[in-house]
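> Below: one structure in structure tokens.
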Amino acid sequence: MDILYLLIPLSAVLVLMILGVFGWALSRGQFEDVEREGERILYDEGVMVEDSQESCKGVPEQWFASVPEESGTPVAAARAEEAEQSEDQKLEDEKPDPSGK
């Protein structure tokens with residue numbers, strides 16, 4: 001029975017410490033934007049090449065076109081938009097100059 005005189009205050013201190021850490025996390029903004037971290041992996045921030053992949057640096061991206069990719073991902077949408085812009089640029093480059101030069 002004497003152990004309760006020790007366990008009850010220790011559990012109260014533990015609860016206060018947990019509430020203190022939770023309050024600190026709230027004040028620091030740890031729970032402001034929980035969706036961003038889950039979606040961050042979906043966006044392509046650039047291709048990171050490891051040392052073991054150095055030989056693939058000069059490989060044209062057309063070689064990787066046969067790799068299936070889900071069309072619903074933001075990366076696929078960005079690549080499709082980039083391809084469309086490059087096609088538009090090629091069409092503009094092929095147009096004759098109206099000034100005749």
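Each value in this text was obtained by applying a stated rule to the coordinates, not by laboratory testing. Computed from a prediction, not measured in an experiment: that's the story for all the values here.
> Just subtract the alpha-carbon distance of residue 22 and residue 40 from 0.36 nm times their residue separation and send over the number in nm, one decimal.
Extra length available between residue 22 and residue 40 comes to 4.0 nm.
> Stretch residue 33-residue 12 to full length: gain in nm at 0.36 nm per residue minus the Cα-Cα span?
Result for the pair: 4.5 nm of gain on full extension.
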